[in-house]
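Here is the structure we will look at.
The values are calculated or read from the model by the stated rules, or taken from the named source; none is laboratory data. Model, not experiment: these values are computed from the prediction. Note that we place each Cβ from the backbone using ideal geometry, even for glycine, and neighbour counts take in every protein chain shown.
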Amino acid sequence: MRTVQRELALNNFDLDLPFVPGCLGFCPDVAALAGSGTFSVIDNFPKHGCGYFMEYICPLSQHHAKYLIRRYLARSAQSRALACPSQKPPHFLPRVFLGDLMPLGDQWNAELHDRPAYLDHLLAERVEISYLAASMGATLAILHWACGIDARGVEFVLGRDVRGHVQFWLIDFSDCRSFKRTATAATRQLVDAVVHNEPFWPRWINICGLRELWGRFRDAYLEVSDFIVGDAMSDGQGKSLPHLFMGELEKIRGCGNLLA
């Protein structure tokens, strides 16, 4: 991802891509590790499974968590959410949902693990969602045309660095699949993968602010795709695949809660 970002910067693309956890090593038997008992709480985790050591994403701080709890949860849910002992702060990595608004019952949900940051949350906190939308579009283009995977199941989350600054991360590649570079794959497999993974991705909704958000996502996707595909494919049909994908996605993208 960083290699592609350097290439984009050299060609005057003004885009920041999400961080991706780096791989630090491989363990042939996780059960032999000190502290391996912590994996017992994971459903269906194999007793003698192997695994990779991945870079740790720091969750949002307790100060972030307490602020968001008091701002967005009902009082009855706040006390439950804040009941976590101070020595064991919640592992709070909000998932970035640019494709949905907060459900009505969300304010009574005290669970912080994997809790979404919905579009209206991000707007209320004055997050630059147009920046996030463009970053998502460029990322999807790289996953499709540089990595050759359909991006099924990937997630965008907010973590922080050691200084406390909030960072945008891309995680979860286990469901991604390779695809053939054909019109059928572009309009079916790639579109299905995005629809399956909503509401992370922005939606095509005919409302002014949401049109603009979708436009940033679409334009970044197509510009980065054209840059990547233009060098890799000599035939005209291959170069049209990103546009076929985006055209089909705009036709079928549902509205979810955004018009409810």
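Structural remarks
- Residue check for Leu170: of a type in the set (A, V, I, L, M), crowded, with 18+ Cβ neighbours inside 10 Å, touching a His at 6+ places or on another chain (Cβ under 8 Å) and not in a loop (DSSP other than H, G, I, E, B): no
- Within region 170-222, the residues that satisfy the criterion of being within 20 Å of Arg95 (Cβ to Cβ) and either of a type in the set (S, T, N, Q) or not assigned by TED's automatic domain parsing to the domain that holds Met246 (or both) are Ser174, Asn197.
- Restricting region 14-31 to residues that are closer than 14 Å to Met1 by Cα and of a type outside the set (Asp, Glu), the residue that is farthest from the chain's Cα centre (by Cα) is Cys23.
- Here Asp114 meets each of (1) at pLDDT 90 or above; (2) among the acidic types (Asp, Glu); (3) closer than 24 Å to Val194 by Cα with one exception, condition (1).
- Residue within region 124-145 that is of a type in the set (Phe, Trp, Tyr) and under 13 Å from the mean Cα position of the chain (by Cα) present: no
- Selection count, region 196-213, where residues are under 19 Å from Ser130 (Cβ atoms) and in a helix (DSSP H, G or I): 6
- Meets criteria (touching a residue at least 60 places away in the same chain (Cβ under 8 Å), under 29 Å from Leu222 (Cα atoms) and among the small types (Gly, Ala, Ser)) for Gly153: no
- Positions within region 221-253 being at pLDDT below 80, polar (S, T, N, Q) and not in a helix (DSSP H, G or I), in sequence order: Ser234
Residues are listed down the side, and each one gets a yes or a no for (1) closer than 15 Å to His64 by Cα; (2) touching a strand residue (DSSP E or B) at 6+ places or on another chain (Cβ under 6 Å); (3) surrounded by fewer than 21 Cβ atoms within 10 Å (Cβ to Cβ):
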site: Arg95; (1), (2), (3): yes, yes, yes
site: Pro103; (1), (2), (3): no, no, yes
site: Asp106; (1), (2), (3): no, no, yes
site: Val127; (1), (2), (3): yes, no, yes
site: Met136; (1), (2), (3): no, no, no
site: Ala151; (1), (2), (3): no, no, no
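- Matching residues in region 103-121 - criterion: being in contact with a helix residue (DSSP H, G or I) (Cβ under 9 Å, 6 or more places away or on another chain), part of a helix (DSSP H, G or I) and not hydrophobic (A, V, I, L, M, F, W, C): Asp106, Gln107, His121
- Selection within region 68-84 - buried (at least 17 other Cβ atoms within 10 Å of the Cβ) and over 24 Å from Val166 (Cα atoms): Ala77
- Restricting Ala141, Ala193 to residues that are without any contact (Cβ under 8 Å) to a residue 60 or more places away in the chain, surrounded by 22 or more Cβ atoms within 10 Å (Cβ to Cβ) and assigned to a helix (DSSP H, G or I) narrows the list to Ala193.
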